[in-house]
1. Out of all the residues in the stretch 63-82, which are open to solvent by 60 Å² or more (accessible area, probe 1.4 Å) and of a type outside the set (A, V, I, L, M)?
2. Here's a check for you: in the stretch 137-164, which residue that is more than 18 Å from GLU110 (Cβ to Cβ) and in a loop (DSSP other than H, G, I, E, B) is least open to solvent (accessible area, probe 1.4 Å)?
3. Which of the residues that make up the stretch 100-136 are in contact (Cβ under 8 Å) with a residue 60 or more places away in the chain, part of a helix (DSSP H, G or I) and under 24 Å from VAL168 (Cβ atoms)?
4. Has the stretch 52-62 got at least one residue that is at pLDDT below 90 and either surrounded by 15 or more Cβ atoms within 10 Å (Cβ to Cβ) or more than 16 Å from the chain's Cα centre (by Cα) (or both)?
5. Search the stretch 1-25 for residues being in a helix (DSSP H, G or I) and open to solvent by less than 70 Å² (accessible area, probe 1.4 Å), and hand back the single one that is farthest from LEU107 (Cα to Cα).
6. Looking at the structure I just gave you, is GLY83 in contact with a helix residue (DSSP H, G or I) (Cβ under 8 Å, 6 or more places away or on another chain) and without any contact (Cβ under 8 Å) to a residue 60 or more places away in the chain?
7. Just one of the numbered conditions (1) open to solvent by 30 Å² or more (accessible area, probe 1.4 Å); (2) in a helix (DSSP H, G or I); (3) not hydroxyl-bearing (Ser, Thr, Tyr) is not true of LEU170; which one?
8. Kindly indicate whether any position in the stretch 92-100 is touching a helix residue (DSSP H, G or I) at 6+ places or on another chain (Cβ under 7 Å) and open to solvent by 60 Å² or more (accessible area, probe 1.4 Å).
Amino acid sequence: MTWIDVLVEHAQDQIYIVPYRIPIVIFSAVAIYFVFLLLMKIFGSRVLASMSATDAVVIIMFGAVAGRVILGHPPTLATGIIGLATLMAMQALFGILRAKTGIGRILDREPILLMFDGVVVRNGLQKSHFTYDDVRTSLRNAGIGAFAEVQAMILEPSGEVSIIRVGVKLDPKMLEDVRGAEELIAAPKQEPRA
């Protein structure tokens, strides 16, 4: 066997996939996709909102574990392509389902009110796994220097934090789907606390 034959054999081992593994890779990718959706539903979008060092470690570890599960052993170029194509197909399918059905309401978390009229909504912090430090960091990132400058702060399902400043007209319809907002809008106005 020449060195070219050895090189071709190693290249084939790294590139090709044994046909019986194709459905296993597809099933693994679909299963990991659903597990990720479930974990995001349970633990919330806080992980996407603010990347502390521990959040970054968890995201990296999740990616490593998911990749290993999808690719199996030995990982090859073909398993990687099939795994990525399956994940992209799942994302496209759920995008279509969200647009045509109400599945988005089931899969996505609702927006959560974190602050209202300059006051931190503690129940919102608990539900979102947000901390008081996360709130202060988000305010600083938005260029806000005092709690009293905030009319509403909302953790969106995407993990982004929306901040509406005092002085901006806030239509109550904008908060209809926000968890915790209904009671606060109907309540008498509170004095801002720092």
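The values are calculated or read from the model by the stated rules, or taken from the named source; none is laboratory data. The shown structure was predicted, so the numbers you read here are calculated from the model rather than taken from an experiment. Quick reminder, even Gly has a Cβ in these numbers, built from the backbone with ideal geometry, and neighbours come from all protein chains shown. Each accessible area value is taken on the protein alone, full model and side chains, heavy atoms only, with ligands, DNA and RNA left out. Shrake-Rupley method; radii C 1.70, N 1.55, O 1.52, S 1.80 Å.
1. Passing the criteria: ARG68, HIS73, PRO74.
2. If we take residues in the stretch 137-164 being more than 18 Å from GLU110 (Cβ to Cβ) and in a loop (DSSP other than H, G, I, E, B), then ILE144 is least open to solvent (accessible area, probe 1.4 Å).
3. Selection gives SER128, ASP134.
4. So the first thing to find is which residues in the stretch 52-62 are at pLDDT below 90, and the list is 52-62.
From the residues that got through so far, the ones that are either surrounded by 15 or more Cβ atoms within 10 Å (Cβ to Cβ) or more than 16 Å from the chain's Cα centre (by Cα) (or both) too are 53, 62.
Looking for residues that are at pLDDT below 90 and either surrounded by 15 or more Cβ atoms within 10 Å (Cβ to Cβ) or more than 16 Å from the chain's Cα centre (by Cα) (or both), one finds at least one in the stretch 52-62, hence yes.
5. Residues of the stretch 1-25 in a helix (DSSP H, G or I): 3-15, 19-25.
The next check asks that each one be open to solvent by less than 70 Å² (accessible area, probe 1.4 Å); those that pass are 6, 11, 21-22, 25.
Values: VAL6: 49, ALA11: 41, ARG21: 30, ILE22: 28, VAL25: 24 Å.
This residue is VAL6.
6. In short, yes.
7. (2)
8. Yes.
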